[in-house]
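Since the structure comes first, as structure tokens, the remarks are kept for the end.
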């Protein structure tokens, strides 16, 4: 699949070949993308919520009154849940909300997200992210010329330092290196902008993974 390449000045800079195995998967599996997004958000949760158990409540360990003869119900501690300021039963504790997700599913989810942006016509390829100076106006003008308000920009192996500084001041404009691309950020922003280096990185990363998967399947079938 051919796609036009533009510059940061919105001028034509040739064309680039996009691999169908990465940018044109059909049908689009929303369930796969949903699983990957849920996996990402679960990993982000801090899990630092905690209530006090009986061992965390300050106070005496002695019985508040004797076991029998008072006419009141037996009690073992004033730190028990039934007393004001006492412990909380079955309250949240510090834990990790993360869960495992198969790498093949994560890779497929990223392919699906890229294919979805391409199918919607919201994928743009630029020749480079190099800027001579960290000027926010350059990024703002770029977004205005393309008539986009929510952008995820993916650079090469390393994002240009001047570009990163300039993009940091533009609202609804996220800039990441190629290694940082993920399903959640791709779907969160309306338009996806890739540099030519980013496309090459994605081709080598995702197309190679698919070839390896095919080879594994063929090997299993031969073994069976």
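With a Förster radius of 22 Å, plug the Cβ-Cβ distance of residue 30 and residue 3 into 1/(1 + (r/R0)^6) and report the FRET value to the nearest 0.05. Computed FRET efficiency for residue 30 and residue 3: 0.40. So the label point goes 7 Å from the Cα of residue 77 along Cα→C-beta, right? Which residues of segment 25-66 then have their backbone N under 16 Å from it? Once the point is set 7 Å along Cα→Cβ of residue 77, 51-65 turn out to lie under 16 Å by backbone N, inside segment 25-66. Between residue 158 and residue 63, the simple label model (points 7 Å from Cα in the Cβ direction) yields a spacing of 7.2 nm.
So what's the Cα pair-distance distribution over segment 46-96, bin width 5 Å, in %? Using 5 Å bins, I get a P(r) of 5, 21, 21, 18, 14, 10, 5, 4, 2, 1 for segment 46-96. At a Förster radius of 22 Å, what calculated FRET efficiency corresponds to the Cβ-Cβ distance of residue 102 and residue 204, to the nearest 0.05? My answer for the efficiency is 0.55.
Principal-axis analysis of the Cα atoms of the chain puts helix 208-223 at an angle of about 70° to the longest axis.
Over the chain, dividing the summed -39,500 (n - 2.57) contributions of all DSSP H runs of at least 4 residues by the number of residues returns a 222 nm mean residue ellipticity of -11000 deg cm²/dmol.
Under Stokes-Einstein, with the Kirkwood radius over Cα pairs as Rh, the value for segment 102-206 at 25 °C and 0.890 mPa s is 177 µm²/s. Sorting 53-62, 2-11 by average packing, meaning the other beta carbons within 10 Å per residue, from highest down gives 2-11, 53-62. Taking a ≥ b ≥ c as the square roots of the eigenvalues of the Cα gyration tensor, an a/c ratio of 1.5 or more together with a/b larger than b/c marks segment 1-131 as prolate.
The mean of 1/r over all distinct Cα pairs in the chain, once inverted, gives the Kirkwood hydrodynamic radius of 21.5 Å.
Full extension of the chain between residue 188 and residue 42 gives 51.0 nm of extra length, using 0.36 nm per residue less the Cα-Cα distance.
How far is helix 103-119 tilted off the main Cα axis of the chain, in degrees rounded to 10, range 0 to 90? That works out to roughly 50 degrees. Counting only DSSP beta bridges with both residues in the chain, the antiparallel share comes to about 20 percent.
Any read-out appearing in this document is the output of simple, stated calculations on the displayed coordinates, not a laboratory observation. This is a predicted model, so every value here is computed, not measured. Note that each Cβ is placed from the backbone with ideal geometry, even for glycine, and that neighbours are counted across all protein chains shown.
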